[in-house]
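The values are calculated or read from the model by the stated rules, or taken from the named source; none is laboratory data. As the structure is a prediction and not an experimental result, all values here were calculated from the model. Cβ placement follows ideal geometry from the backbone for every residue including glycine, while neighbour counts extend to all protein chains displayed.
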Amino acid sequence: MPNTGQRAAAHDWWRTAAIYEVYVRSFADGSGDGIGDLTGVRARLPYLAELGIDAIWFTPWYPSPMADAGYDVADYRAIEPLFGSLAEAEKLIAEAHELGIRIIIDIVPNHGSDQQPWFTEALAAPAGSAERARYHFQPGRGAGGELPPNDWTSMFGGPAWTWVGPAEHGPDGAPGEWYLHLFTPGQPDFNWAHPDVRDEFASVLRFWFDRGVDGFRVDSAALLAKDPALADLGATPTPGSSAPVNSGGTGPVLADPASPHPFIDRDEVHGIYQEWRRIADSYPGHRVLIGEVWLPDAERLARYLRPDELHSAFNFDFLCCAWDADALRGVIDTTLDAHDGVGAAPTWVLSNHDVVRHVTRYGRADTAFSMTDRQIGEPSDLALGTRRARAAALLTFSLPGGVYLYQGDELGLPEVEDLPEELLQDPMWERSGHTNRGRDGCRVPLPWSGDAAPFGYGPDGSTPWLPQPAEWKNLTAETQGGDPGSMLALYRRALRLRRAEPALTGSEQMTWLPSPAGVLMFRRGDGPDAITVVINLSAEPVDLPAGDQVLLSSAPVSGGLLPPDTGAWLTGR
Ligand code: NOJ
């Protein structure tokens, strides 16, 4: 059990930061067109400051045809006009900084948009041209080149290759080429062996660092390097797998997991992040790189967090874990061990814009999350899920390391599982042949105030891009702000205490304490400031340690007993 103990250096802000994910399209709509924007975010910065977060992570805000909600970037140096302008982004960065909030933005290096000038130039250029070399263009297989170059499938279902013929059949009748896209056809993969690609992204990083952003969340970070042979996988996709091995989707795994994968977690990828780290370190103010690295092996994940690579990465094992004390303890220990080995700070995350909201997951019979089986429509007891989500917040916020919140976590929003099919926009829905409803249910616009849609998300009379459930009138930020028993009140209090208590963010020390089955109990810090954390995942009330005072609990505690699905922070002071 690691016991790193040392106080995080003051400048290592990311080691303990609470980072709030803003999914721009659904956060707040200032213009009234139904789509969230930067004006909306700027108006809500005081809310975020009051919540007690240290940084915002923005999902992609770049111009995009929205084949995958902005993860298909057409211009890496501008702002999507629906969201605002570069000048407004600069204002937002400055205003956030004035409030003590840092800004992290998404960078999407594995793939661009098919509307990006490089790609339109590549399509216009002949096979074998310099323009095509920045992507993975290949002749097809079969007598007439009519079959994809290999057997890779896209993360969202369907082939990972799109044919650019027959329009480009030359006078000699040569068949057209195919291009690789691990996600939708609108997201062609870059060829990271090409120096133009490396130079372009180095320049994009500098562009935004020059504008004051404090860091980048690196999309699909384990996928950039490809086997130059583009060899067949020789394996079938893994529907139903409970361990997502790929970023954001349903990709295939290798038949022989010991051999290097042709596009996941290849060793060459690390050279890219070493170069990016040098760029980040060349700026003042401790800029950070945060990896979206979905890997089943914590040791392989930790390789991305070596001192000369990324600063931190999302802990998807924790996010996917069932609401089960043994399973969670296993993930916590594996995480701490692997991160300790490279001196990196762990992170803890419960939800994001790709997964089923945890209030809904924790209310189901099967509380684990799998990207390939989202269990949409499985019954969920939302009162139970909410109770567990409250306890999970106290667990997450008391572990050593950084924490990520997804917008709406603090309001206890559930997944919206009954969106009408004709409104679904996530490419997963189409690409899965309408078998996977995708991620729209966790992307429904936030309820801020009032009794009816749009609940202050946009001006009265505006229509949010996805409909908000009528019941959300009970979950608005306004309603919860006035209720000391609300999820919002719990988040505010927990984040404030977390920041103030030396045992929680001034120390990385954590020690497990003996506890009954189904209960997680550990001590953070030492001496009079130590905090004992007790999370009861069992079906029975458990005794709290005698003599300690309850600093914060996720449900009322009386008679020295902690009820089921409840968490508490205790102090001996
Ligand atoms: C991960 C992002 O979180 C997800 O939303 C996106 O679809 C894929 N990467 C592709 O960029």
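Residues in the stretch 209-232 that are part of a helix (DSSP H, G or I) and either touching a residue at least 24 places away in the same chain (Cβ under 8 Å) or within 16 Å of the ligand (Cβ to nearest atom) (or both): Phe209 only. Can you name the residue in the stretch 498-534 that is within 29 Å of Leu446 (Cα to Cα) and surrounded by fewer than 20 Cβ atoms within 10 Å (Cβ to Cβ) and, of all such residues, is farthest from the chain's Cα centre (by Cα)? That would be Ala500.
Applying the criterion of at least 1 residues that are within 27 Å of Ala280 (Cβ to Cβ) and of a type in the set (Lys, Arg) to the strands (runs of 3 or more DSSP E) found wholly in the stretch 102-169 leaves 102-107. Each residue in the stretch 426-461 was checked for being more than 15 Å from the ligand (Cβ to nearest atom) and either more than 19 Å from Gly40 (Cα to Cα) or β-branched (Val, Ile, Thr) (or both), and 5 pass. Taking Ser398, is it hydroxyl-bearing (Ser, Thr, Tyr) and in contact with a strand residue (DSSP E or B) (Cβ under 6 Å, 6 or more places away or on another chain)? Yes: the conditions hold for Ser398.
Taking residues in the stretch 499-513 that are among the β-branched types (Val, Ile, Thr), and partners anywhere that are modelled with pLDDT of 95 or more, the pairs with Cβ atoms closer than 8 Å and at least 6 places apart or on different chains are Thr505/Thr16; Thr505/Arg498; Thr505/Arg499; Thr511/Phe522; Thr511/Arg523.
Applying the criterion of being of a type in the set (D, E, K, R) and assigned to a helix (DSSP H, G or I) to the residues of the stretch 75-93, the residue that is nearest to the ligand (Cβ to nearest atom) is Glu88.
Test Ala96 against the stated conditions and say whether it is aliphatic (A, V, I, L, M), within 16 Å of the ligand (Cβ to nearest atom) and within 22 Å of the chain's Cα centre (by Cα). No, not satisfied.
Of the residues examined, Val359 is not one that is within 16 Å of the ligand (Cβ to nearest atom) and surrounded by 18 or more Cβ atoms within 10 Å (Cβ to Cβ).
Hey, among the residues in the stretch 61-72 that are more than 9 Å from the ligand (Cβ to nearest atom) and not aromatic (Phe, Trp, Tyr), which one's surrounded by the fewest Cβ atoms within 10 Å (Cβ to Cβ)? Among those residues, the one meeting the criterion is Pro65.
Per-residue answers, yes or no, for (1) under 25 Å from His311 (Cα atoms); (2) away from the ligand (no atom under 16 Å from the Cβ); (3) at pLDDT 95 or above; (4) part of a strand (DSSP E or B):
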| position | (1), (2), (3), (4) |
| --- | --- |
| Trp178 | no, yes, yes, yes |
| Gly186 | no, no, yes, no |
| Glu200 | yes, yes, yes, no |
| Phe207 | yes, yes, yes, no |
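Residues in the stretch 3-10: is at least one of a type in the set (S, T, N, Q) and farther than 26 Å from Leu497 by Cα? No: zero hits. Scan the stretch 51-60 and give yes if some residue there is assigned to a helix (DSSP H, G or I), more than 16 Å from the ligand (Cβ to nearest atom) and out of contact with any Cys (no Cβ under 7 Å at 6 or more places or on another chain), otherwise no. Yes, that holds for at least one residue.
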